[in-house]
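**Q** The structure's right below; bear with me while I get my questions together.
The values are calculated or read from the model by the stated rules, or taken from the named source; none is laboratory data. These numbers were taken from a predicted model, which means no experiment stands behind them. Methodologically, a virtual Cβ is constructed for each residue, glycine included, from the backbone with ideal geometry; neighbour enumeration extends over all protein chains shown.
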Amino acid sequence: MPSSAPRKRVRKSPADRRAEIVEAAAFVALTEGLEAITLRRIGEDLGVRPGLVSHYFPAVEDLVAEAFGSAAERELDALIPAERSRADPGHHLARFFALAMGPGYDDISRLWINARHLSRYRPVLRARVEHQESRWRDRLTELLRAGAEGGVFRTDDPRVTAIRILVVVDGLGAHANTDSGDRPDAVRHMAVTTAEDGLGLERGALLRRAQELRRAGADRPATRP
């Protein structure tokens, strides 16, 4: 006969438990918004008491900021990995656009909109948003600088070029909540053409590479928490 003895609960390490809480909160942030994160809600989702969640995050504002940071960092690592196996910066930049132009990243675009709005009133979240923006600027600048040093790109100031690209990407992403999908191609591809102009590339060359990667399946969204 099957045993009726209760299953032994596995006690998680503090690091694993904290990571589990952040992952659950990041999922809520991506699917419902940062406002939906409460200590009680995350406890219910994990099947634990809210007191356990508050043990790791006494203030919900800290958990909100951590949830956003976790999701944003995962996005960054998916779009522009810090460790890149291929040496060709042109490939990695085209891959970035192939991913960023796909619908799989609408959720993270909405999360950035959400976080920037709430950060006006929440200092802890504002600091995390600023940190993630800095991480994006540094990672893209590093990629463009590597391309310039290797003769793939031509730019006198990789950081300024990186900021220009990100401003356009953010501007397009700001319409994630309302975009009806009927933008003209010249608008949808503005970030790519900005990169081509700023990096001395033939007009349309980077876009073609990005589209080839999309057709090859590179636009599949990264795994969500």
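**Q** Can you name every residue in segment 174-200 that is at pLDDT 90 or above and farther than 17 Å from A98 by Cα? If you could, list the steps in order and put the result at the bottom.
**A** Residues of segment 174-200 that are at pLDDT 90 or above, as a first pass: 190-200.
Hits for segment 174-200 are D197, G198, L199, G200.
**Q** Which one of the conditions (1) at pLDDT below 95; (2) at positive phi does R9 fail to meet, given that it meets all the rest?
**A** Just one mismatch for R9, condition (2).
**Q** Can you tell which of L140, L144, L172, L166 is surrounded by 14 or more Cβ atoms within 10 Å (Cβ to Cβ), out of contact with any Asp or Glu (no Cβ under 7 Å at 6 or more places or on another chain), in contact (Cβ under 8 Å) with a residue 60 or more places away in the chain and at negative phi? Before the answer, list the steps.
**A** Details: L144 fails: in contact (Cβ under 8 Å) with a residue 60 or more places away in the chain; L172 fails: in contact (Cβ under 8 Å) with a residue 60 or more places away in the chain; L166 fails: in contact (Cβ under 8 Å) with a residue 60 or more places away in the chain.
The unique qualifying residue is L140.
**Q** To continue, here is another question. Looking at (1) in contact with a helix residue (DSSP H, G or I) (Cβ under 6 Å, 6 or more places away or on another chain); (2) surrounded by fewer than 16 Cβ atoms within 10 Å (Cβ to Cβ), which is the only condition G47 fails?
**A** Condition not satisfied by G47: (1).
Every residue, every condition in (1) surrounded by fewer than 16 Cβ atoms within 10 Å (Cβ to Cβ); (2) free of Cβ contacts under 8 Å to residues at least 24 places away in the same chain, yes or no:
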site: A25; (1), (2): no, no
site: E32; (1), (2): yes, yes
site: T38; (1), (2): no, yes
site: G43; (1), (2): no, yes
site: H55; (1), (2): yes, yes
site: L63; (1), (2): no, no
site: G69; (1), (2): no, no
site: A72; (1), (2): no, no
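Quick grid of which residues meet (1) buried (at least 19 other Cβ atoms within 10 Å of the Cβ); (2) among the acidic types (D, E); (3) in contact with an Asp or Glu (Cβ under 6 Å, 6 or more places away or on another chain); (4) over 23 Å from F57 (Cβ atoms):
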position	(1), (2), (3), (4)
G102	no, no, yes, yes
D107	no, yes, no, no
H117	no, no, no, no
R128	yes, no, no, no
R135	no, no, no, no
G150	no, no, no, yes
F153	yes, no, no, yes
D156	no, yes, no, yes
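**Q** Have a look at A78, A127, A115 and point out the one that is in a helix (DSSP H, G or I) and closer than 22 Å to R215 by Cα.
**A** On the way: A127 fails: closer than 22 Å to R215 by Cα; A115 fails: closer than 22 Å to R215 by Cα.
The unique qualifying residue is A78.
**Q** Restricting to segment 100-137, what's the tally of residues that are polar (S, T, N, Q), farther than 17 Å from I165 by Cβ and touching a residue at least 60 places away in the same chain (Cβ under 8 Å)?
**A** Quick first cut of segment 100-137, residues polar (S, T, N, Q) only: 109, 114, 119, 132, 134.
Filter once more, keeping what is farther than 17 Å from I165 by Cβ: 114, 119.
Then keep just the ones that are touching a residue at least 60 places away in the same chain (Cβ under 8 Å); that gives 114.
Counting residues in segment 100-137 that are polar (S, T, N, Q), farther than 17 Å from I165 by Cβ and touching a residue at least 60 places away in the same chain (Cβ under 8 Å) gives 1.
**Q** Just checking, does segment 92-99 include any residue being closer than 24 Å to T193 by Cβ, without any contact (Cβ under 8 Å) to a residue 60 or more places away in the chain and not hydrophobic (A, V, I, L, M, F, W, C)?
**A** Yes, segment 92-99 has at least one match.
**Q** Which residues, counting only those in segment 81-112, are aromatic (F, W, Y), within 11 Å of the chain's Cα centre (by Cα) and either part of a loop (DSSP other than H, G, I, E, B) or under 18 Å from S134 (Cα atoms) (or both)? Break it down into steps so the answer makes sense when it comes.
**A** Filtering segment 81-112 down to residues aromatic (F, W, Y) leaves 96-97, 105, 112.
Among the residues that remain, those that are also within 11 Å of the chain's Cα centre (by Cα) are: 105, 112.
Hit for segment 81-112 is W112, nothing else.
**Q** Another question, if that's okay. Picking from V22, V53, which residue would you name as being assigned to a helix (DSSP H, G or I), more than 23 Å from D106 (Cα to Cα), of a type in the set (V, I, T) and at pLDDT 95 or above? Even if it seems obvious, please write down each step before you answer.
**A** Values: V22 fails: more than 23 Å from D106 (Cα to Cα).
On inspection, the qualifying residue turns out to be V53.
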